[in-house]
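The values are calculated or read from the model by the stated rules, or taken from the named source; none is laboratory data. All values derive from a computational prediction rather than experimental measurement. Ideal geometry is used to build each Cβ from the backbone, glycine not excepted, and the neighbour counts take in all protein chains shown. All accessible areas refer to the heavy atoms of the entire protein, side chains included, with ligands and DNA or RNA removed. Shrake-Rupley method; radii C 1.70, N 1.55, O 1.52, S 1.80 Å.
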Amino acid sequence: MLGMIETKKKRGMILARPDILGAFERVLDPLIIDNNTLQDIFELRLVLEMGLADLLYIKKTDKDIEELESIAKKEVKLDDSFRIKSEIAFHGKLYDMTGNDTLKRFQIMLMPTFEYVLTQEQKPIRGKVNHMDLVQILKTGTKEDFKIGMQAHLQPHFDRLSKIK
């Protein structure tokens with residue numbers, strides 16, 4: 001059940017490399033998760049994104065920055081479905097840039113929180129720092145600048161959280 005033991009024909013049972021996210025993936029379905037759990041997962045996402053700067057500055061490449069910039073340039077806020085796709089693409093690329101497979105997989109599991117957040121917002125929330133600003137910081141700023149920029153980018157979400165708790 002935990003994926004720690006594999007059965008091999010003619011070899012018996014052997015210890016396996018467990019899939020630490022497998023069970024979590026199976027139950028992380030927005031249709032069966034209540035709003036409190038979705039809220040908790042969204043808060044976890046905020047905390048993770050606040051901590052990406054160190055890995056991003058170690059592993060970013062010019063190609064990564066170009067791809068991120070391309071995503072940010074395409075952002076034209078037409079409707080919520082486009083906004084969700086844009087958010088997923090931009091933030092997903094940040095996770096991808098870390099080169100950490102567990103983080104990338106975890107980000108995919110966090111997708112239901114994007115829809116959840118939209119249902120919680122009265123109107124679209126815009127941070128003082130947008131995606132293009134974050135790209136510029138990645139191009140020319142320091143990791144400390146990026147941490148400050150990400151905080152400003154996500155601050156409206158933290159403000160909303162402080163109102164509901």
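A compact table of results
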read-out: Per-residue SASA entry for residue 145, accessible area with 1.4 Å probe, Å² rounded to 10; value: 70 Å²
read-out: Length gained when the stretch residue 108-residue 88 is fully extended (0.36 nm per residue, less Cα-Cα span); value: 6.3 nm
read-out: Ranked order, 109, 132, 4 - accessible area, probe 1.4 Å, largest first; value: 4, 132, 109
read-out: Computed lengthening from residue 161 to residue 33, 0.36 nm per intervening residue step minus Cα-Cα distance; value: 44.2 nm
read-out: Sequence-distant residues sharing a close amide H with residue 16 (under 5 Å, placed H); value: 5, 6
read-out: Separation of the residue 47 and residue 132 label points, Cα + 7 Å toward Cβ, nm; value: 3.4 nm
read-out: FRET efficiency, residue 115 to residue 6 (Cβ-Cβ, R0 25 Å, nearest 0.05); value: 0.10
read-out: Pair residue 101, residue 17: separation of 7 Å Cα→Cβ label points (nm); value: 0.5 nm
